[in-house]
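Chemist: Here's a structure for you.
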Amino acid sequence: MIRDPSSVPERQAYRLMISAFVPRPIAFVSTVSRSGVDNCAPFSFSMGVSSHPMVLGVSIGERDGRPKDSARNILDTREFVVNIVTESIAEKMNIASGDYASDVSEFEEAGLTRAPCDVVRPPRIAESPVAFECRLIRAVRVADNTVFFGEAVRLHVDDRMLTDGIVDVRKLHAIGRLGGPQYCRTQDVFEMARPRITGPKSARPTDAR
Ligand SMILES: Cc1cc2nc3c(=O)[nH]c(=O)nc-3n(C[C@H](O)[C@H](O)[C@H](O)COP(=O)(O)O)c2cc1C
């Protein structure tokens, strides 16, 4: 099957895109509104953008032609927290993805615990073992979505998730989003060392990356 994406109806394009571009990490984003209502919602159109400085990107669409609460809160406050979703909070994450009114906090609805952040105002999700406190550095409009680029000003990692100073995927039990209602676990891990290219085919004769 080969398609010109521009000829695929909108709903079908969404379903095709999210089932083909897999697996996606889930940024469970917590924010706070101008009036102080805290909010959390999952976004899987998300990515790591840069590591030094540490920058994450989250793409948020619209709901009925209006900004979602997370997008509005980020634009209003320029702060958000990206919490990593693990198997143990998958169901709570799903509850938090419901279309709740702006004055409803998903923390209450999903039964999630607020933990204070060090630098930014929104709370992080205590049940999430990894959280990035972010300051908005840029918001880029792409079609009906806005991609929010946030620089991580604090990184929280539960020490129990670490092996030799880095996050151990076997301890973290993060989940990923697939198509439709499907998710994946991250325990089926295999390893490959990158090839080391030397000589005339090397982009850099002393490539050390
Ligand atoms: C796993 C998962 C991933 C999602 N990813 C996105 C996404 O990348 N962008 C988006 O706009 N909505 C996404 N959604 C839908 C939002 O979570 C949903 O619209 C939510 O109600 C937004 O909440 P808010 O209005 O409090 O910001 C996703 C939902 C789920 C369950």
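All of the numbers you see were taken from the coordinates with simple rules; none came from a lab. Predicted model, so just to flag it, every value in this text is computed and none were measured. Cβ atoms come from the backbone with ideal geometry, glycine included; neighbour counts cover every protein chain shown.
Chemist: At 0.36 nm per residue, and after removing the present C-alpha to C-alpha distance, how many nm does the segment from residue 170 to residue 119 gain when stretched out fully? Spell out each step's value before the answer.
Modeler: On the way: separation 51, 0.36 × 51 = 18.36 nm, distance 2.93 nm.
In short, 15.4 nm is gained.
Chemist: Oh, and also: Classify the range 19-124: rounded, prolate or oblate, from the alpha-carbon gyration tensor (a ≥ b ≥ c, eigenvalue square roots; a/c under 1.5 rounded; otherwise prolate if a/b is larger than b/c)?
Modeler: Verdict is rounded for the range 19-124.
Chemist: For a quick check of your reading of the filter: which chymotrypsin sites (Phe, Trp or Tyr not before Pro) in the range 1-107 sit in a DSSP loop and have no more than 15 other Cβ atoms within 10 Å?
Modeler: Hits after loop and neighbour filter: 21.
Chemist: Remind me, what semi-axes does the range 57-170 give for its equivalent ellipsoid, largest first in whole Å, using sqrt of 5 times each Cα gyration tensor eigenvalue?
Modeler: With the √(5λ) rule applied to the range 57-170, the semi-axes are 24, 18, 13 Å.
Chemist: Just to confirm the filter: which trypsin sites (Lys or Arg not before Pro) across the range 8-90 are DSSP coil and have at most 14 other Cβ within 10 angstrom of their Cβ?
Modeler: For trypsin sites (Lys or Arg not before Pro) across the range 8-90 that sit outside H, G, I, E and B with at most 14 neighbouring Cβ atoms in 10 Å, the list reads 34.
Chemist: In deg cm²/dmol and to the nearest 500, what is the mean residue ellipticity at 222 nm of the chain if only DSSP H runs of at least 4 residues count, each as -39500 (n - 2.57), divided by the residue total?
Modeler: -4500 deg cm²/dmol
Chemist: Per 0.36 nm of contour for each residue apart, how much would the distance between residue 159 and residue 101 grow if the chain were fully extended, relative to their Cα-Cα spacing?
Modeler: 17.3 nm
Chemist: Excluding residues on the same chain fewer than 8 positions from residue 92, give the lysines whose Cα lies under 22 Å from its Cα.
Modeler: Answer for residue 92, where 22 Å is the Cα cut-off: 68, 171, listed by chain and number.
Chemist: Something else now. Over the range 5-201, what is the mean sequence separation of C-alpha contacts under 8 Å (at least six apart), divided by residue count, expressed as relative contact order in percent?
Modeler: 23 percent
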